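Visitor: Quick one: structure below, then a few questions.
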Amino acid sequence: MSNDKTYNGWSNYETWRVNLEIFDDSYFLENDGYSWNDTYDLKNELCEYVEEIIENSAPEGLARDYALAFLQDVNWYELAEHLQQDYANLHADA
């Protein structure tokens, strides 16, 4: 059995899914309130952003707990690097 957990070019399913469902649009990239130049700070901001979405949209209980547990396997650093590149590409012509 393989230990390869990559999924659709991402390090794992969780990272791919969070990117697809939450960050895969230009709306987020147009927000200048994030640390686009600091990968470490950006990864922390991304994690907080997604946790806040879940906490504000799901009532307390088992489903919310599972959603928050799902986030533990997200590769936030990979997401931050990916979004930094997308942000740079979006603003390259500006």
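Every number here is computed from the coordinates shown, using simple stated rules; none is lab data. Everything numeric here is computed off the predicted structure, so don't read it as measured data. Here the Cβ positions follow ideal geometry from the backbone for every residue, glycine too, while neighbour counts run over all protein chains shown.
Residue-wise test of (1) surrounded by 11 or more Cβ atoms within 10 Å (Cβ to Cβ); (2) within 20 Å of THR6 (Cα to Cα); (3) not acidic (Asp, Glu).
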{"site": "GLY33", "(1), (2), (3)": "no, no, yes"}
{"site": "THR39", "(1), (2), (3)": "yes, no, yes"}
{"site": "LYS43", "(1), (2), (3)": "yes, yes, yes"}
{"site": "TYR49", "(1), (2), (3)": "yes, no, yes"}
{"site": "LEU68", "(1), (2), (3)": "yes, no, yes"}
{"site": "ASN75", "(1), (2), (3)": "yes, yes, yes"}
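Visitor: Of everything in segment 18-31 that's buried (at least 17 other Cβ atoms within 10 Å of the Cβ) and not polar (S, T, N, Q), which residue is nearest to TYR87 (Cα to Cα)?
Guide: At the first step, the residues of segment 18-31 found to be buried (at least 17 other Cβ atoms within 10 Å of the Cβ) are 18-19, 23, 29.
Narrowing further to those that are not polar (S, T, N, Q): 18, 23, 29.
Values: VAL18: 17, PHE23: 11, LEU29: 6 Å.
That would be LEU29.
Visitor: Is one or more of the residues making up segment 10-29 small (Gly, Ala, Ser) and free of Cβ contacts under 8 Å to residues at least 40 places away in the same chain?
Guide: Taking segment 10-29 as the starting set, the residues that turn out to be small (Gly, Ala, Ser) are 11, 26.
With free of Cβ contacts under 8 Å to residues at least 40 places away in the same chain added as a condition, the list becomes none.
Looking through segment 10-29, none of the residues is small (Gly, Ala, Ser) and free of Cβ contacts under 8 Å to residues at least 40 places away in the same chain.
Visitor: Here is a further query. Can you tell me how many residues within segment 58-92 are closer than 20 Å to TYR34 by Cβ and out of contact with any Asp or Glu (no Cβ under 7 Å at 6 or more places or on another chain)? I'd like the intermediate steps shown before the answer.
Guide: Of all residues in segment 58-92, those closer than 20 Å to TYR34 by Cβ come to 71, 74-92.
The next check asks that each one be out of contact with any Asp or Glu (no Cβ under 7 Å at 6 or more places or on another chain); those that pass are 75-92.
Count: 18.
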